[in-house]
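Peer 1: Questions regarding the structure given below will be posed in turn.
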Amino acid sequence: MPRLVLTVIGDDRAGLVSALADVVTAHDGNWEDSQLAELAGKFAGIVVVGVPAERVEELTDALHALDGLLEVTSHPGVEGAAAGGVADDADAQRLKVDLLGNDSPGIVREVSSVLSRHELSIETMTTETREAPMAGGLLFEAHVVVRVPGGSDTAALRADLERLATELLVDIAVA
């Protein structure tokens, strides 16, 4: 069954997921995977749906009826990709990188640059800023899951992230 990747955004309010799910279900679609969140007053996310080949165009057209409620863009999924992402490398492992420290511009750029130099793919990343409980100011927190292909030098990755933590004055944990 073909899969579509839907990107959605709209003003946050009750009923958005229900409205989207109604359209998907009405076209024999199956809601497979999603990441959805309220961010700065907007509701945004990505949804993967499976839909019978003969209903893809009809579903895509029906999603436009949500304009005014949600802006939905449809992208064809990659053939042969596993439900959770690109086909698995049998030797691949996943590492979780957690970061916490004072907020400053460039933290995401620096962390993602280290991961890129090690040719690692980010599977998921969540970030947030919040008030520091006693010191004042903002804390930046990130949780990143990366796919590490078999044969990668995880010791070198850990060393690079530890150096970065020292430079940025943040705590980074790799599990």
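Peer 1: Among the numbered conditions (1) within 20 Å of residue 45 (Cα to Cα); (2) assigned to a loop (DSSP other than H, G, I, E, B), tell me where residue 123 comes up short.
Peer 2: (2)
Peer 1: Go through the stretch 111-135 and give me each residue that's open to solvent by less than 60 Å² (accessible area, probe 1.4 Å) and either more than 16 Å from the chain's Cα centre (by Cα) or of a type in the set (Lys, Arg) (or both).
Peer 2: Those that are open to solvent by less than 60 Å² (accessible area, probe 1.4 Å) and either more than 16 Å from the chain's Cα centre (by Cα) or of a type in the set (Lys, Arg) (or both): 113, 114, 118, 132.
Peer 1: Quickly run through the stretch 136-163 and pick out the residues that are open to solvent by 70 Å² or more (accessible area, probe 1.4 Å), of a type outside the set (A, V, I, L, M) and either within 16 Å of the chain's Cα centre (by Cα) or under 15 Å from residue 99 (Cα atoms) (or both).
Peer 2: Selection gives 158, 162, 163.
Peer 1: Residue under question is residue 90, and the condition is that it be modelled with pLDDT under 95 and open to solvent by 40 Å² or more (accessible area, probe 1.4 Å); does it hold?
Peer 2: Answer is yes for this residue.
Peer 1: Starting from the stretch 43-59, keep only residues that are farther than 24 Å from residue 124 by Cα, then list their pairs with residues that are open to solvent by less than 40 Å² (accessible area, probe 1.4 Å) and of a type in the set (Gly, Ala, Ser) whose Cβ atoms are within a distance under 6 Å, requiring at least 6 positions of separation or different chains.
Peer 2: Note: pairs meeting the criteria are 51/29; 59/29.
Peer 1: Suppose we filter the stretch 127-172 for residues that are part of a strand (DSSP E or B) and either more than 12 Å from residue 95 (Cα to Cα) or without any contact (Cβ under 8 Å) to a residue 24 or more places away in the chain (or both); how many remain? Break it down stepwise before answering.
Peer 2: Taking the stretch 127-172 and keeping what is part of a strand (DSSP E or B), we get 127-131, 138-148, 170-172.
Subsequent filtering for residues that are either more than 12 Å from residue 95 (Cα to Cα) or without any contact (Cβ under 8 Å) to a residue 24 or more places away in the chain (or both) retains 127-131, 138-142, 170-172.
Of the residues in that region, 13 qualify.
Peer 1: Moving to a separate point now. Only one residue in 21, 65, 14, 40 is under 22 Å from residue 128 (Cβ atoms) and either free of Cβ contacts under 8 Å to residues at least 40 places away in the same chain or open to solvent by 40 Å² or more (accessible area, probe 1.4 Å) (or both). Which one?
Peer 2: Working: 21 fails: under 22 Å from residue 128 (Cβ atoms); 65 fails: under 22 Å from residue 128 (Cβ atoms); 14 fails: under 22 Å from residue 128 (Cβ atoms).
Just a single option satisfies the conditions, and that option is 40.
Peer 1: Look at the stretch 44-62 and say how many of its residues are open to solvent by 30 Å² or more (accessible area, probe 1.4 Å), touching a strand residue (DSSP E or B) at 6+ places or on another chain (Cβ under 9 Å) and either in a strand (DSSP E or B) or not polar (S, T, N, Q) (or both).
Peer 2: 2
Peer 1: While we're here: Just checking, how many residues over the stretch 93-110 are assigned to a loop (DSSP other than H, G, I, E, B) and open to solvent by 70 Å² or more (accessible area, probe 1.4 Å)?
Peer 2: First pass over the stretch 93-110, keeping only residues assigned to a loop (DSSP other than H, G, I, E, B): 103-106.
This time we only want the ones that are open to solvent by 70 Å² or more (accessible area, probe 1.4 Å), so: 105.
Matching residues across the stretch 93-110 total 1.
The values are calculated or read from the model by the stated rules, or taken from the named source; none is laboratory data. Fair warning: this is a prediction, and the values are worked out from it, not measured in the lab. Cβ atoms come from the backbone with ideal geometry, glycine included; neighbour counts cover every protein chain shown. For the accessible areas, the whole protein counts, side chains as well, though only heavy atoms, and no ligand, DNA or RNA atoms are used. Shrake-Rupley method; radii C 1.70, N 1.55, O 1.52, S 1.80 Å.
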